[in-house]
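Okay, so here's the structure we're looking at.
The values are calculated or read from the model by the stated rules, or taken from the named source; none is laboratory data. The structure displayed is predicted, hence computed values, not measured ones. FYI the Cβ positions are ideal-geometry reconstructions off the backbone, even for glycines, and counts take in every protein chain you see.
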Amino acid sequence: MPVITGDEYKNRIDALKAEVWIGGNKLNGNISEHPAFAGIIKSQAELYDLQNTFQKQMTFASETTGNKVGLSYLIPRTKGDLERRRRMIQLWARHSGGVMGRSPDYMNTVLAAFAASVDVLDGEEHCYPERLLNLYEFARENDLSFTHTFVNPQNNRSKLAFLQEDVTNAKIIERNDEGIIIKGAKLLATQGGITDEIIVFSAPGVQDNSQAYGFSIPSNTKGLKFICRESFANQGSSFDYPLSSRFEEMDTIVLFDEVTVPWDRVFLHDNIRAATNLYVKGKFVAFTLHQIVSRQIIKTKFLLGISKRMVETINIGEYQHVQSKVVELIKGLETMEALVIKAEYEANVDHTGIMVPNRQPLYVAVNQFQELYPRFTEILQQLGASGMMTIPKQEAFYSEIGEQLQHFLQGWEVNGEERVELFRLAWDLTMSNFGSRQTLYERFFFGDPIRLSQTIFQIYDDTSSASLVDRFLSKKAD
Ligand SMILES: Cc1cc2nc3c(=O)[nH]c(=O)nc-3n(C[C@H](O)[C@H](O)[C@H](O)COP(=O)(O)OP(=O)(O)OC[C@H]3O[C@@H](n4cnc5c(N)ncnc54)[C@H](O)[C@@H]3O)c2cc1C
């Protein structure tokens, strides 16, 4: 089956009837018609349509069927493949200004990265690399969409937590002829309930064999429940809520009420070492970060574009501190772009013939963005000042006081409505409920920034800087 259309995606998700809970009620009917999901499902469908329109840039011929399949499933063999992947990711990201963290390429990349890492599972107890490859091929050929949940619930994060009996984490409670049975909870799945499948995996640090697993199941598997937070899909026109009405992805707690995972969907179980190695020694980090940083570049461009437009609209470009603030965005953008190109330039073919980007610059980029993004949103607020609050909805411009608003809210060479439209965009991106969630997302979705920086400290290859110093130390010089 070649790449799907937007309608095919929507119909497939509606037909699934996954168990989704929102506001204490089980969702009934078509999920694409529910106000919390209508916007994001429409936007995701638009992405699939874009993939059809730009087949040359966004697909490749499947090695097994010859069908045109999504480039986000491509396992790169050359540096050119990496560049093609980056361009495809950025084409999709442009559609949302980079605010859709979970456009389908994110999880398709994760699955491709796992499939490219099956050598790590070879010969390991309770590991089934061939099932992972089957899943990858099935997903690639049917253009499946995925969500994922890796992290355990946040009840006790102390160093000695392992001394307490765990009562929340999703764990294997039984292994039988059919498969493994999972009971418990996982922390979060963004887009839970609106993807074909969910990949469930143990994040590194797992201490108990019964919590060391990796599998994928359809979102409507019996006993699987997605519990939504309140929706930030603000109801209104694209003038009033330009981003939140279209791109609110929803985050869901995932409950496993004795879910049977059939054996053909389990790619590892009861093996802490294999679960950790698949994440740490496999290609998950390198490929996933390459996707993430490519998207974050587009998001930074979007923020930069908005900031420049705001500066023009209230004519504040002559002030030195205003220029410096915009330059902070420019420096961030140029650095991110340089880091992703460096990662591609320093990519190497590994022992399995796969081209792997250098993960060091990518780790630096993502960790840096965790700090930069909140600062970027702060800059927009500092530039906009009270303008972030003088933003009546569009209907006000067509009311009795419309003419006065056009006049009194005018900017530099723009009328009131044009100025408010821009400032509502800045507000929706940085201050609305949707906007604050964006900041939390960029801070945390790939892990805690503190521990990410510890990882960089631990893995950074500093041999060349060490040898540089040795030249100046008499005993080490020879
Ligand atoms: C919007 C959003 C969407 C997300 N979507 C997904 C998703 O789709 N799928 C998924 O699997 N996950 C998702 N996540 C989860 C994300 O991976 C975690 O938020 C991240 O790994 C941090 O874990 P935590 O939230 O449990 O924070 P915690 O680990 O509980 O950290 C809380 C605080 O305690 C500190 N802390 C805790 N432990 C330590 C330690 N050992 N050393 C030092 N400091 C420590 C942290 O620095 C932090 O300040 C999402 C998160 C967000 C915010």
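Quick notes on this one:
- Only listed residue being away from the ligand (no atom under 16 Å from the Cβ) and either under 28 Å from Y9 (Cβ atoms) or modelled with pLDDT under 95 (or both), chosen from E178, E197, E165, E174: E165
- Restricting attention to the stretch 395-412, the residues that are surrounded by fewer than 16 Cβ atoms within 10 Å (Cβ to Cβ) and in contact (Cβ under 8 Å) with a residue 60 or more places away in the chain add up to 1.
- Top-ranked residue in the stretch 429-456 [being more than 26 Å from G305 (Cα to Cα) and hydrophobic (A, V, I, L, M, F, W, C); ranked as nearest to the ligand (Cβ to nearest atom)]: I450
- Evaluation of Y106 against (1) away from the ligand (no atom under 14 Å from the Cβ); (2) surrounded by 18 or more Cβ atoms within 10 Å (Cβ to Cβ); (3) in a helix (DSSP H, G or I) (one fails), failing number: (1)
- Qualifying residue in the stretch 434-454 (condition: surrounded by fewer than 17 Cβ atoms within 10 Å (Cβ to Cβ), part of a helix (DSSP H, G or I), touching a residue at least 40 places away in the same chain (Cβ under 8 Å) and among the hydroxyl-bearing types (S, T, Y)): yes
- Residue within the stretch 123-145 that is in contact with a helix residue (DSSP H, G or I) (Cβ under 8 Å, 6 or more places away or on another chain) and within 16 Å of the ligand (Cβ to nearest atom) present: yes
Residue-wise test of (1) modelled with pLDDT of 95 or more; (2) under 29 Å from G184 (Cβ atoms).
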residue	(1), (2)
R94	yes, no
L111	yes, yes
A116	yes, no
D119	yes, no
E125	yes, yes
N134	yes, yes
F138	yes, yes
S145	yes, yes
N156	no, yes
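- If the condition is being surrounded by fewer than 20 Cβ atoms within 10 Å (Cβ to Cβ) and in contact with a strand residue (DSSP E or B) (Cβ under 7 Å, 6 or more places away or on another chain), then the stretch 37-59 contributes only Q55.
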